[in-house]
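Worksheet: one structure, shown below.
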Amino acid sequence: MIWTRNASTADWAAIPSACSSRSLIPKPLFDADSIAAELVNFTVTDGVFTHHLLIHLGVYEVKDPTIDVSVMFDRAHMALTTIKDDYKTHIAYYDSNLREKILWGQKITTMLDDALREMQIRPYLQPITDATGKVVGAEALARWIHPEHGFLSPGVFIPVFEKNGMIVEVDRHMWRCACKILADWKGVHDDLFISVNISPKDFYFFDVVAEIKALVQEYQIDPIKLRIEITETVMMNDAEDRMAILDEFRRSGFIVEMDDFGSGYSSLNLLKDMPVDVLKVDMKFLSGSEGGSKSNTILRSIMQLAEDLGIASLTEGVETEQQFRDLSAMGCRLFQGYYFAKPMPLEEFEQFAFK
Ligand code: C2E
Ligand code: CA
Ligand code: CA
């Protein structure tokens with residue numbers, strides 16, 4: 001079903017998706033607010049059970065009555081694809097920005113194969129330091145240097161690929177790049193590690209442990225040098241299975257880091273059972289950290305809890321010397337942020353870290 005809005009009466013009308021002619025458009029039925037309200041408590045009964053249905057609506061407001069029904073349907077469908085499965089939103093409206101966004105997503109998806117093959121997508125390394133400020137490792141963050149569109153930050157392409165599943169190709173590519181770098185550093189800069197990101201999607205598509213183990217074997221590197229960053233959203237589904245996977249990583253010699261801790265559903269309770277070695281504390285706690293704010297109290301508690309559980313803490317997004325000092329005093333062990341350096345190309349990182 002498509003919902004369209006009559007421009008003159010501002011009422012909403014339903015068009016059966018099979019409708020092929022504008023003359024079949026029925027009379028307006030509801031206004032948008034009542035549709036949204038209806039959707040929250042929608043039940044059907046089969047005589048025995050009552051079923052609660054979760055209904056999502058994509059809405060296209062028809063401004064030009066001469067537009068073809070198939071175009072209306074396409075646009076309502078585009079709006080529909082933006083609704084996430086988070087039970088928060090049931091109704092989404094089409095606008096022209098959305099069309100641009102979807103077309104961009106389609107375009108970069110068709111460009112991805114070439115981008116990976118031609119190394120247009122490559123790791124930038126952001127230094128990670130210890131409490132003395134010494135560089136002890138780096139996080140590999142994807143950057144796309146496109147011959148036509150120029151420099152693309154991950155915010156422009158990672159969410160698109162997260163959504164359509166192509167992130168698994170980007171991640172595989174990034175893990176391989178990180179392994180190559182570690183292999184080149186072997187025997188010269190053996191003390192440095194590289195952390196790589198693992199998307200929740202990777203867990204659905206293949207055996208991540210087997211894949212990454214095969215890579216470290218191929219490049220003959222010690223697994224302890226390649227750190228595995230997962231986000232807490234990974235634990236939202238199949239928590240037990242996922243814990244077993246993380247456990248397997250650790251038993252295979254990798255260090256597992258929980259990324260963006262505190263940004264979402266962080267369950268302190270879950271943490272006690274989580275097979276992780278490092279807690280990467282989300283940078284949002286730092287926004288108010290200077291000067292003994294509530295954020296400082298939370299940060300101190302997280303550091304203490306991590307310490308008690310035998311988990312090292314790393315704070316991301318450290319931007320000032322004061323933050324660095326405060327965090328060190330709280331017991332934070334590792335640091336990452338613009339105060340030290342932004343993510344940079346490999347050659348620059350090597351000059352920065354090995355000077
Ligand atoms: P993330 O994993 O949380 O990475 C940290 C982000 O914070 C990076 O943004 C980094 O540049 C930024 N950052 C570091 N220090 C500071 C600071 O002091 N202040 C501020 N304001 N920001 C800082 P970036 O590189 O844009 O990456 C954004 C996100 O994209 C990453 O967040 C990660 O979730 C995702 N991402 C990047 N590369 C990959 C990848 O290869 N695979 C996957 N799955 N995700 C990736
Ligand atoms: Ca990360
Ligand atoms: Ca992070």
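Results, tabulated for the structure shown:
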quantity: Protection-proxy order for peptides 197-205, 99-107, each taking the mean of Cβ atoms within 10 Å per residue, highest first; calculated: 197-205, 99-107
quantity: Approximate spin-label separation Glu240-Thr320, in nm, with each point projected 7 Å along Cα-to-Cβ; calculated: 4.8 nm
quantity: Amide H partners (placed H, <5 Å) of Met344, local residues excluded; calculated: Leu125, Gln126
quantity: Least to most buried among Phe249, Phe340 (fewest other Cβ within 10 Å first); calculated: Phe340, Phe249
quantity: Local net charge near Glu211, Cβ-Cβ under 9 Å (Lys/Arg +1, Asp/Glu -1); calculated: 0
quantity: Peptides 347-355, 308-316 ordered by average Cβ neighbours within 10 Å, highest first; calculated: 308-316, 347-355
quantity: Relative contact order, percent, segment 75-180 [alpha-carbon distance under 8 Å, six or more residues apart]; calculated: 19 percent
quantity: Rel. contact order, % - alpha carbon contacts under 8 angstrom, at least six apart, the chain; calculated: 12 percent
quantity: Relative packing of peptides 157-165, 35-43 - highest average C-beta neighbours within 10 Å first; calculated: 157-165, 35-43
quantity: Nearest 10 degrees, 0 to 90: helix 96-117 Cα axis against the chain principal axis; calculated: 40 degrees
quantity: Net charge of neighbours whose Cβ lies under 15 Å from the Cβ of Lys342, counting Lys and Arg as +1 and Asp and Glu as -1; calculated: -4
quantity: Cα-based helix-to-principal-axis angle, 239-251 vs the chain, degrees rounded to 10; calculated: 30 degrees
quantity: Net charge dipole size for segment 195-242 [Lys, Arg +1 and Asp, Glu -1 on Cβ; Debye, nearest 20]; calculated: 180 debye
quantity: Point-charge dipole on Cβ atoms (K/R +1, D/E -1) for segment 161-282, about Cα centre, debye to 20; calculated: 240 debye
quantity: Bridge type composition, the chain - antiparallel percent by DSSP, nearest 5; calculated: 50 percent
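Read-outs throughout are calculated quantities, based only on the coordinates presented, and are distinct from any laboratory measurement. Keep in mind the model is a prediction, meaning the values are calculated, not measured. Backbone-built Cβ (ideal geometry, glycine too); neighbour counts: all protein chains shown.
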